[in-house]
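Just so it is clear, none of the values below were taken in a lab; they were calculated from the coordinates. These numbers come from a predicted model, not from an experiment. Note that we place each Cβ from the backbone using ideal geometry, even for glycine, and neighbour counts take in every protein chain shown.
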């Protein structure tokens, strides 16, 4: 074979290798999108040709080459990072809020690539780099980058103008013209956010007529009929004290019965009553639950107050001093009063440290102090030195939270008084929660005394 033929053969082999490689690349694309429920999802969306990733799932960063790598932000609040620089996974570009019982705490990505709390404590979403608030927790509105309390009662959101509500509470409609919260036209409607006369969900015991957008009643004694329809009851949809009677109806149970197979055959009883021959009979004074002997005499098994005398099966006062709870056995304490711990044989032992509320493992070592004190290294207690301070766990001179009716100024390390009749506040002029018997006026942040006719307000409901 000549040199020319050898070159042609080598070129043909290279072309064949290129074709095979291209075919392999088509058969096995470089990018494969992961489903959201994958154990560790990386790529969310690939390029049409499968050559690289275009969008990553949260907690990942996209590299310049189109690959997704997990974020690895090790600074404080780094676990709030939801987007990062793929070529530098320790540099965060977007953070997510932390949700709790009191609402959400917002975080934003700083110029240094870290997650930091939004400057406004009522903010749940603020912009990266600046920390300017764009969304606040309930009852507050984002106005010029900060959160301000909504003026209208029952208003959940008032972004842009605190006098105009954009989202209202249960059973109310945010009127775009007036900015006020109006009651839904249908008195049994829970959600009329689309229009005041168009319901989307109903109270318990009613179902939505999708054609008229009105709420219609279920069968008597029924709390749910979304499947069965108006005038009937869903399976297991009868109210407490009512039982299914067949045909989508409910029948009232006998006295002190919470569930029944029919009106006369009870299957569950109120607290303080137990079944005897398909009826609910009283367990006796101070008894939560009991059994009955063949003659119908109650034998108490759990007491409402005090504890059980295991010999007589009667409820009697707890026999141990400083005992708060002895439900199963009156001679053995289950929970002790403040300043005591549960010792051997169910007895309460006094904590030895002064001003100690709890000393779980050792009576000589305090684990939880009384308000206004802190636990020292040796298990003793010492008073917080800041006036009206309730908690100073790190140092007696450094207050962490103030007593009821006061708020902490962290810069001056002092507790200042909230407005009158206020239980907690955000500053000297704005109350967050009021003491019992008062309600908070949204526009002023002041506490008003509950008056006759205020029963509809949550704070004034007995």
**Asked** Where does region 65-211 land on the Kirkwood hydrodynamic radius, alpha-carbon pairs, in angstrom?
**Response** 17.3 Å
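Suppose a student asked you for the relative contact order of region 335-462, using Cα pairs under 8 Å spaced at least 6 residues apart; what percent would you report?
Rounded, it is 10 percent for region 335-462.
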**Item:** Label-to-label distance, nm, for residues given as residue 193 and residue 240 (7 Å Cα→Cβ offset)
**Value:** 2.9 nm
**Asked** Cα centroid distance between region 191-214 and region 91-117, in Å?
**Response** 37 Å
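In whole Å, what three semi-axes, largest first, describe the equivalent ellipsoid of region 131-213 built from its Cα gyration tensor (square root of 5 times each eigenvalue)?
Over the Cα atoms of region 131-213, the semi-axes work out to 28, 11, 10 Å.
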**Request:** Please pull out the direction-averaged projected area of region 358-417, using the convex hull of its alpha-carbon atoms, in nm² to one decimal place.
**Result:** 3.9 nm²
**Request:** May I ask you to work out the translational diffusion coefficient for region 46-98 at 25 °C, viscosity 0.890 mPa s, via Stokes-Einstein with Rh from the Kirkwood sum over Cα pairs, reported in whole µm²/s?
**Result:** 220 µm²/s
**Message:** Could you tell me how many cubic angstrom of Cα convex hull volume region 166-269 has per residue?
**Reply:** 97 Å³
**Asked** Which value at 222 nm does the chain reach when only helices count, each DSSP H run of 4 or more adding -39,500 (n - 2.57), with the total divided by all residues and rounded to the nearest 500 deg cm²/dmol?
**Response** -2000 deg cm²/dmol
**Item:** Ranking of 412, 178, 302 by count of other Cβ atoms within 10 Å, fewest first
**Value:** 412, 178, 302
**Fill in**
Using eta = 1.567 mPa s and T = 4 °C, Stokes-Einstein with Kirkwood Rh from Cα pairs puts D for the chain, in µm² s⁻¹, at 44 µm²/s
**Request:** Can you tell me the 0 to 90 degree angle between the C-alpha axis of helix 3-27 and the longest principal axis of the chain, rounded to 10?
**Result:** 20 degrees
**Prompt:** Once fully extended, how much extra length lies between residue 401 and residue 209, figured as 0.36 nm per residue of separation less the alpha-carbon to alpha-carbon distance?
**Reply:** 64.0 nm
**Request:** Quickly work out the residue 311-to-residue 64 label distance, labels modelled 7 Å from Cα along the C-beta direction, and quote it in nm with one decimal.
**Result:** 8.7 nm
**Message:** Rg over Rh of region 376-462, using C-alpha atoms and the Kirkwood radius, what does it come to?
**Reply:** 1.13
**Request:** Report, in whole Å, the centroid distance computed from the Cα atoms of region 256-305 and region 335-371.
**Result:** 38 Å
**Message:** I'd like the per residue volume of the convex hull spanned by the Cα atoms of region 228-335, given in cubic angstrom.
**Reply:** 106 Å³
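Provide the FRET efficiency to the nearest 0.05 for the residue 282-residue 170 pair, computing r from the beta carbons and using R0 = 35 Å.
With R0 = 35 Å, the Cβ-Cβ based efficiency is 0.40.
Kirkwood Rh, region 314-405, all Cα pairs: how many Å?
Evaluated on region 314-405, it is 14.1 Å.
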**Message:** Viscosity 1.567 mPa s, temperature 4 °C: what is the translational diffusion coefficient of region 306-366 from Stokes-Einstein with a Kirkwood Rh over Cα pairs, rounded to a whole number of µm²/s?
**Reply:** 111 µm²/s
